[in-house]
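Every number in this text was worked out from the coordinates using simple rules, so none of it is lab data. All figures in this text were calculated on a predicted structure; none of them were measured in a lab. Here the Cβ is made from the backbone with ideal geometry for all residues, glycine too, and neighbour counts use every protein chain on show.
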Amino acid sequence: MKTAILVGNPNSGKTTLFNALTGLSARVGNYPGITVEHREGGVDLGDKKTLRLIDLPGTYSLSPRSDDEVVAVRGVLGRLPETPAADLVIVVVDATALERNLYLTAQLRELPLPVVVALTMMDTVAGDGLDFDVAMLERRLGVPVIAAPAVKNGTDALKKKLRSLVDAGVHRPLALNPAWAKVNDDVTAAGKALVRALSQPAQNLVGSEVALGLLAAQASAMGTLDKLELPVDAQRTAHAIDRPDVVAQKAVAARYARVAGWVDGVVGKRASELPSVRFTRRVDAVLLHRVLGPVALVGVFLLLFQTLFSWSKPVMDGISHGMDALGALVSALVPASLPLLKSLLVNGVIKGVGNVVVFVPQIAALFLFLTLLEDSGYLARAAFILDRVMARVGLHGRAFVPLLSGFACAVPAILATRTIESTKDRIVTIMVTPLISCSARLPVYALIIACVFSSGPPLLGVIAPGAIVMIAMYALSIGTSIAMAAVFKRTLLKSPTPPLVLELPPYRVPKPGAVARAVLSRVKIFLTEAGTVILAITVVLWALFTFPRDDSIEQARAGGIAAVLATTQPGPARDQQLHQVDAKAAGLQVEQSVAGRLGHALEPVLSPLGFDWKLNVGIIASFAAREVLVSTLGLVYGLGAGDDDDDGPPLSLRDAMMADHHADGSPLYTPLVGLSLLVFFVLAMQCMSTLATVRRETQSWRWPIIQFSYMSVLAYVGSLVVYQGGKLLGFQ
Amino acid sequence: MNAWRTTTIRIAGSHCVFALHALSLKVRITLNMTTLDQLRAGDTATIARALRLDATVLRLVEMGMTVGAQIVVTRRAPLGDPLEISVRNTRLCLRREHAAIFEVEKR
């Protein structure tokens, strides 16, 4: 099968063309060892002939700056793992910004590549009433030029043309730039030799080596030469040049001079402002306005927040109820003689599937939003407005969306870091996102605050102490994430503040098909790749809480039930007593399970934070999801697991916790212990779903392990300082 | 004597005029030379040179900000930084720290 690759500037309509050509066959893939994603699919050329089409990341030039661009350049040069050199290099060129887009084409034409140019946005050119001489451009470029159709049913002609090109084989004319002869000042002898060679009529391999050498020199000026893994000769050439930056600048100027000759007279001129430009300018007069712009931005993000927090909640509740119903159904179907199998299916597998599926509404909602913002062109504006703020933190303007989404849930938020181009900045954002206080921490805050901070007198007569504590926890969360971002930027992921080089594309109406495709593919990847890990860990946690089983507890429970049945009449009172017997047995069972023993074993480590074994068990369980702390504490207090969905903590649990005492009779839950526990929950990495997602997004276990470790240390030290410091200051 | 004086005056005068021309030219160039970050919204300029070449500047050059390219400053972001310019039919945003690297001739 022949292979074609798509390259082009960001926002050039490359993805739209890819979707139109590949239809439903497209899928997202990763190159082994490379975190950058690519998409590929088959193009049906008719007569059972298929063309393999690879969509490379968008790039402005062949001198890469980011890791995404490195992948694009390596793809062009046929130097990606498990990917053959392309039989066809399709350069996507936005006809509305011809000069800038043809720069990449000029660079490609210097290499021995089978280049074909596909013009996009031709409908906008036509809508602006401009004439575009495709034949003239084709003549001047010396390679086939195809006008890509704007509508889907226009792809037949395009496919036909592609087929004829594939069949005939595009010859690979080298078109070295004669202007390179002038690129000769300020360079060393090696550079001069290179440039002399460049000025030769090089229609042979030597020419391509020279072109590769220049490409290497430019990559060296960008600081990405090592990542390209170019042939040794090309690297040697680059190293021999004293000032690759100067060579690069001159080469760019020479190419633009050449492009100017290509485009002269290709597009008709019009004196007045083009309709497409006017529309975008008018919208931007509002959306980038000094006052209205930020107001609109806040509005857009409030809507996003509302969607994540409130509007996806009914769907998520529906999913958990559905899973509960499924559990009840399975529980009824499995015979009572197999309690372990029943427990595995209900509390392990079904709960695990529920843990995965419950994220889908938020992921779908966030990606729907993000794709609409990106495809319409607004996301670039948001980054423009927010850059000043985010640059202070050392992050890209685009890191704002993931960080904000983190308040709802870290899982979709981490998936949303895809819009950040630089891998290092992306990983920094991924690493700090779980520190943002997500909605799963709220039930925990509510329980602890209800236990220890509900009694005090209101401050200033109106503000409940609980509210102050809540605000303080959010402040701690935001402050720590900003501080840790700064730490990562200076240590493990050392890189300068991402420079803002941003293009503001014209506003465009997002294509519903493309939006749906983006949302579905993201959900699918989450379900298949992160979901499997989440499911596996849920089953492991189930096993920790179930084994070993103590038959004497089961016998005592059976005896207790028999006693209740014998002594009390049927009715609510009896049901309650039966529930109490069950709950007490479940509590005892947990205490002697692996998790319960771990809780006891951890006491020496965690008691300096003010925690007892019951809290330790709760912390182990909350690894499944933070809100599970509430139901687990219910379990170990012998109250039954209760319902996670209840608004606010169950009062009986609050009372049981407030009544709990140390051996010496002092209360277990003092405000200081509560504060220490709150700080722990703000800072600790207690979410396997997040870790599974980080693994999937960074393609390695390294980052989730680092994340888990640093957050655990932060949480431990934070709680230790609060508890021991508080004790030193005389608090209890 | 008279002729000599006239000639001298003429020579001196033409020298003077030439010097003045050169001076005014120089004054004009110096007055209009500035860096991109100093321009205001609506200003039009031609890029004269890049004072420094790092990866970011080279990328901006690759995106069309070559020597001799015409640019128009469209606006500053609401918080004052970055700024938006128009070059070669596209709209670019860059921070003031990078804009300060580009010397431009204001028109």
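Binning every alpha carbon pair distance of region A:298-339 at 10 Å from zero, what are the percents per bin?
25, 27, 20, 15, 9, 3
As an exercise, use a Förster radius of 45 Å and the Cβ-Cβ distance of B:N89 and A:T528 to find the FRET efficiency, rounded to the nearest 0.05. Intermediate values should be presented prior to the final figure.
Values: r = 42 Å, r/R0 = 0.94.
Given R0 = 45 Å and the Cβ-Cβ separation, E is 0.60.
What's the local net charge at A:D425, with K and R +1, D and E -1, over the other residues with C-beta under 10 Å away? Can you show the working numbers first?
Details: positive: A:R398, A:K424, A:R426, A:K489; negative: A:E421.
My count for the surroundings of A:D425 gives +3.
What is the local net charge at A:L130, summed over the other residues whose Cβ is closer than 11 Å to its Cβ (Lys, Arg +1; Asp, Glu -1)? The partial results should precede the final answer.
On the way: positive: A:K269, A:R270; negative: A:D128, A:D131, A:D133.
Surrounding charge for A:L130 is -1.
Rank A:T419, A:V630, A:L675 by how far each Cα sits towards the positive end of the charge dipole of chain A (+1 on Lys, Arg Cβ; -1 on Asp, Glu Cβ) and give me just the farthest.
About the Cα centre, the residue reaching furthest to the positive side is A:T419.
Write down the Kirkwood hydrodynamic radius of region A:109-153, to one decimal in angstroms, obtained as one divided by the mean of 1/r over all alpha carbon pairs. All intermediate terms of the calculation are to be shown ahead of the outcome.
On the way: mean 1/r = 0.0848 Å⁻¹.
Answer for region A:109-153: a Kirkwood hydrodynamic radius of 11.8 Å.
Give me the net charge for the shell around A:S495: Cβ to Cβ below 13 angstrom, other residues only, Lys and Arg +1, Asp and Glu -1.
+3
Determine the equivalent ellipsoid of region A:361-418 by diagonalising the alpha-carbon gyration tensor, then write out the semi-axes as square roots of 5 times the eigenvalues, largest first, rounded to whole Å.
Values: eigenvalues 73, 43, 10 Å².
The three semi-axes for region A:361-418 are 19, 15, 7 Å.
How many percent of DSSP beta bridges within the protein assembly as shown run antiparallel, rounded to 5? Kindly include the intermediate steps, with their values, before the conclusion.
Values: 38 of 57 bridges.
Around 65 percent antiparallel, to the nearest 5.
Translational D (Stokes-Einstein, µm²/s) of region A:469-528 at 10 °C and 1.306 mPa s when Rh comes from the Kirkwood sum over C-alpha pairs?
Details: Rh = 16.1 Å.
My calculation gives 99 µm²/s for D.
For region A:523-589, what mean projected area does the convex hull of the alpha carbons give, in nm²? Mind dumping the intermediate values first?
Values: hull surface 26.7 nm².
Dividing the Cα hull surface by four gives the mean projection, 6.7 nm².
Where in chain A is the longest stretch that carries no GluC sites (Glu not before Pro) classed as loop by DSSP and with at most 13 other Cβ atoms within 10 Å? Walk me through the numbers before you get to the answer.
On the way: sites that count: A:E82, A:E229, A:E273.
Result, exposed sites excluded: A:274-732.
How big is region A:32-137 on each of its three principal axes, counting only the C-alpha atoms and giving the largest first in Å?
Result, largest extent first: 48, 41, 25 Å.
Using the structure shown, select from A:K511/B:K106; A:K489/A:K511; A:K342/A:K614; A:K342/A:K584; A:K160/A:K524 the pairs with a Cα to Cα distance greater than 30 angstrom. Mind showing how you got there, number by number?
Working: A:K511/B:K106 41 Å; A:K489/A:K511 37 Å; A:K342/A:K614 26 Å; A:K342/A:K584 20 Å; A:K160/A:K524 32 Å.
Checking Cα-Cα distances, A:K511/B:K106; A:K489/A:K511; A:K160/A:K524 exceed 30 Å.
Computed over the Cα atoms of region A:1-82, what is the convex hull's projected area averaged over all directions, in nm²? Don't jump to the answer; show the numbers that get you there.
Working: hull surface 21.7 nm².
Mean orientational projected area (region A:1-82, Cα hull): 5.4 nm².
With just the Cα atoms of region A:267-351, tell me how far they stretch along each of the three principal axes, in Å, largest first.
85, 36, 15 Å, listed from the longest principal axis down.
Taking the number of other C-beta atoms within 10 Å as the exposure measure, put A:R278, A:R426 in order starting with the fewest. List each step's numbers first, then the result.
Numbers: A:R278 12, A:R426 28.
Ascending number of Cβ neighbours within 10 Å: A:R278, A:R426.
How would you rank A:D44, A:D655, A:D425, going from fewest to most other Cβ atoms within 10 Å of each one's own Cβ?
Least to most surrounded, the residues fall as A:D655, A:D44, A:D425.
When only Cα pairs under 8 Å and 6 or more residues apart are kept, what is the percent relative contact order across region A:1-123? Walk me through the numbers on the way to the answer.
Values: 235 pairs, mean separation 36.9, N = 123.
Relative CO of region A:1-123 lands at 30 percent.
Measuring from the lowest to the highest alpha carbon on each principal axis, how far does region A:535-647 reach, largest first, in angstroms?
47, 35, 32
With charges only on Cβ, +1 for K and R and -1 for D and E, what is the dipole size of chain A about its Cα centre, in debye, rounded to 20?
Details: 66 positive and 58 negative charges, 395 e Å.
It comes to approximately 1900 debye.
What ratio of Cα Rg to 2.2 N^0.38 Å holds for the protein assembly as shown?
Details: Rg = 33.2 Å, N = 839, 2.2 N^0.38 = 28.4 Å.
The protein assembly as shown yields a ratio of 1.17.
List the aspartates and glutamates whose Cα sits under 12 Å from the Cα of A:K49, skipping any in the same chain fewer than 8 residues away.
Once the sequence-local aspartates and glutamates are set aside, what remains near A:K49 is A:D167.
With 10 angstrom as the radius, rank A:V91, A:V628, A:V721, A:V334 by how many other C-beta atoms surround their C-beta, starting from the fewest.
On the way: A:V91 28, A:V628 24, A:V721 13, A:V334 17.
Result, fewest neighbours first: A:V721, A:V334, A:V628, A:V91.
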